[in-house]
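Below: the structure, in structure tokens.
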Amino acid sequence: MRHRNLHGRSWLAIGTLVFLLLGPGVDAKGKLLSTWLDRDITIDGELDEWRDALVYFGSVDAFVGVFNDDSHLYLCLYSQSPELSSQFATDGLRLKIEGKKSDRFVVHFPRAEQRTVPAARGRQDDRDRPPASTDTIGLEIPGQRDLVVVSAGGDAGLEARLSHRGSFVYELKIPLAAGAEQPWAPGLFPGDKFKLLIENPRSEELADERAMQDAHRGSPSAFEPSTAGPYGTRSNGGWTGPIDDDFFVERFVFLLKTRVELAKSP
């Protein structure tokens, strides 16, 4: 059974590698190239329209595909890891788009329940958390303190769906530019380039937990204070409470960063 699972994963990775080498997935500098929309894409949390358009990111064991037309961006995130699927279903995901000439556009979907007390450090705490919401999308809007919440079913031109039946499929459709019926958008146009970041919204919290656990074990931590780290300098409170070994081994910080170039009209 284990061999069959690895074989299936290897087959998909090899197929994606062939697409990478022969298709328009990335350029010579590693930039992810969007493809001009050449098919109907239904935002339903299924891979049907994406199987020939996924690019593999080995650092996070996940695939990403991007399409665009003159009005919308379509994105798919796919992982075969049951552990990641479970993590995303509980913690949610945060997606950030930052163009050279536009404000940062941040999407929370699925939306995890906000914590009001410090998190207990163990797997039981995660088991007790309710699933992240898949009915709505949260948007970080410049100048507004609270998230703007819209329906994930197409309100304001945004759609999002996911499935997590062992593997994880995430689909998102967002307007490129704002308009009368779609007031929130990243302000992009075909041919534009932008930075894309997809992360667990608990990234900093999990990094702190990992640092505290490493300090307790007396071993160096990947998240020790550093001006060059992904989160800047960090304080280490010297966690001295009990440690759940399973939590320590299985939980890691999901962080996918890449640059994307939108396709131009053919």
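The values are calculated or read from the model by the stated rules, or taken from the named source; none is laboratory data. In this text the structure is predicted, and so the values were computed from the model without any measurement. When we count neighbours, we look across all protein chains shown, and the Cβ atoms used for this are built from the backbone with ideal geometry, even at glycine.
Can you report the number of residues in segment 34-50 which are part of a loop (DSSP other than H, G, I, E, B) and closer than 24 Å to residue 190 by Cβ? Please lay out each step first, then the result.
Of segment 34-50, the ones part of a loop (DSSP other than H, G, I, E, B) are 34, 37-50.
Narrowing further to those that are closer than 24 Å to residue 190 by Cβ: 34, 37-43, 49-50.
Residues flagged as part of a loop (DSSP other than H, G, I, E, B) and closer than 24 Å to residue 190 by Cβ within segment 34-50 amount to 10.
From 67, 109, 63, 105, grab the single residue that is in contact with a Ser or Thr (Cβ under 7 Å, 6 or more places away or on another chain) and either hydroxyl-bearing (Ser, Thr, Tyr) or over 19 Å from residue 30 (Cβ atoms) (or both).
67
Among the residues of segment 188-214, which ones are at pLDDT below 85 and either part of a helix (DSSP H, G or I) or in contact with a Phe, Trp or Tyr (Cβ under 8 Å, 6 or more places away or on another chain) (or both)?
203, 204, 205, 206, 207, 208, 209, 210, 211, 212, 213, 214
Considering (1) small (Gly, Ala, Ser); (2) out of contact with any Phe, Trp or Tyr (no Cβ under 9 Å at 6 or more places or on another chain); (3) at pLDDT below 95, say which one residue 71 fails and leave the rest.
It fails just one condition, (3).
Can you pull out the residues in segment 158-176 that are among the β-branched types (Val, Ile, Thr) and under 18 Å from residue 106 (Cβ atoms)?
Listed by number, the list holds a single entry, 174.
A quick yes/no check of all residues on (1) touching a residue at least 12 places away in the same chain (Cβ under 8 Å); (2) surrounded by fewer than 20 Cβ atoms within 10 Å (Cβ to Cβ); (3) in contact with a Gly (Cβ under 7 Å, 6 or more places away or on another chain):
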residue	(1), (2), (3)
42	no, yes, no
47	yes, yes, no
61	yes, yes, no
65	yes, no, no
73	yes, no, no
81	yes, yes, no
91	yes, no, no
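What is the number of the single condition among (1) buried (at least 19 other Cβ atoms within 10 Å of the Cβ); (2) free of Cβ contacts under 8 Å to residues at least 40 places away in the same chain; (3) outside any strand (DSSP E or B) that residue 185 does not meet?
Tallying (1) buried (at least 19 other Cβ atoms within 10 Å of the Cβ); (2) free of Cβ contacts under 8 Å to residues at least 40 places away in the same chain; (3) outside any strand (DSSP E or B), residue 185 fails exactly one: (2).
Would you say residue 99 is under 17 Å from residue 257 (Cα atoms) and modelled with pLDDT of 95 or more?
No; evaluated as a whole, the condition is false for this residue.
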